[in-house]
């Protein structure tokens with residue numbers, strides 16, 4: 001009897017045809033697969049809930065970081081009445097695929113098929129986001145990185161660009177455009193052991209290492225280490241950013257007086273004027289925000 005597997009497929013993915021031609025037939029050779037295709041923004045959360053209601057114990061997110069984020073939302077918001085929540089698998093078909101990069105998961109049909117045969121899992125942490133000033137008391141979740149500052153604007157520019165020259169160029173151009181148009185605002189970061197305030201281009205709270213299509217913003221982060229890794233990039237220049245791009249792409253720490261790395265159990269970010277938060281490539285909300293870590297709360301299928 002084949003393993004029952006649900007796949008939440010990003011219906012507008014540029015790699016949808018590749019998935020249907022190469023990956024899906026290979027997976028169906030070893031598993032009983034049902035595909036739930038998303039049709040609109042946030043549809044992945046609803047589709048994940050449907051898969052959970054049908055009893056699936058393994059749900060694969062086929063898309064980019066946004067699709068992974070929606071499946072995580074669906075799993076965390078639909079707790080099962082007994083036993084562990086469904087495990088998450090990733091088929092990276094997006095423009096960034098940054099969390100998949102941390103786990104060395106590639107869109108290779110053979111490797112993905114072998115992962116369904118081996119069924120090796122890693123239990124990872126999940127970030128929980130709440131907005132104290134919001135009348136809505138519901139929580140959001142992220143598995144990779146949440147950040148304030150330039151990040152939400154970069155995401156918007158990438159999504160609006162259409163990516164005619166590929167995702168790496170799209171992200172690079174979006175970051176440069178944001179540098180020239182974004183004016184760093186005063187942010188305040190509070191944690192149990194340290195505080196920081198000042199003008200920042202990026203305040204990243206990381207569970208994974210990468211964002212922005214391969215920029216290693218949190219070199220020390222591991223998704224199962226029980227710690228939030230905070231990277232604060234103050235008002236650095238465009239020239240500094242271009243120079244440091246190479247270190248970020250290589251996974252190295254940036255050595256600059258306006259860049260700092262710190263750890264925390266929880267983080268609060270406040271702003272003196274309207275400022276936004278993005279999480280896993282998705283717009284999340286308006287500051288202030290509190291970010292906590294739900295330790296060892298989700299199983300991930302390993303390659």
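The values are calculated or read from the model by the stated rules, or taken from the named source; none is laboratory data. Every value quoted in this text rests on a predicted model; they were computed, and no experiment measured them. Note: ideal-geometry Cβ built from the backbone for every residue, glycine included; neighbour counts use all protein chains shown.
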Per the filter on the range 62-86, residues touching a strand residue (DSSP E or B) at 6+ places or on another chain (Cβ under 9 Å) and surrounded by fewer than 20 Cβ atoms within 10 Å (Cβ to Cβ) are 77, 84, 85
Checked 248, 222 against criteria (at pLDDT below 95, over 22 Å from residue 136 (Cβ atoms) and not in a strand (DSSP E or B)); the one match is 248
Could you say which residue among 69, 78, 42 is at pLDDT 95 or above and touching a helix residue (DSSP H, G or I) at 6+ places or on another chain (Cβ under 9 Å)?
69
If you go through the range 27-40 one residue at a time, do you hit one that is part of a strand (DSSP E or B), surrounded by 17 or more Cβ atoms within 10 Å (Cβ to Cβ) and in contact (Cβ under 8 Å) with a residue 60 or more places away in the chain?
yes
Output the residue which, of all residues in the range 225-241 that are exposed (fewer than 13 other Cβ atoms within 10 Å of the Cβ) and assigned to a helix (DSSP H, G or I), is modelled with the lowest pLDDT.
238
Matching residues in the range 180-208 - criterion: being surrounded by fewer than 24 Cβ atoms within 10 Å (Cβ to Cβ) and in a loop (DSSP other than H, G, I, E, B):
182, 183, 184, 191, 192, 193, 194
Test result for residue 24, assigned to a helix (DSSP H, G or I), at negative phi and surrounded by fewer than 20 Cβ atoms within 10 Å (Cβ to Cβ):
yes
Suppose we filter the range 10-21 for residues that are surrounded by 14 or more Cβ atoms within 10 Å (Cβ to Cβ) and free of Cβ contacts under 8 Å to residues at least 60 places away in the same chain; how many remain?
1
Which one of the conditions (1) farther than 30 Å from residue 111 by Cβ; (2) touching a residue at least 24 places away in the same chain (Cβ under 8 Å); (3) in contact with a helix residue (DSSP H, G or I) (Cβ under 6 Å, 6 or more places away or on another chain) does residue 288 fail to meet, given that it meets all the rest?
(3)
Please find, within the range 94-114, the residue that is surrounded by the fewest Cβ atoms within 10 Å (Cβ to Cβ) out of those that are more than 12 Å from the chain's Cα centre (by Cα) and assigned to a helix (DSSP H, G or I).
110
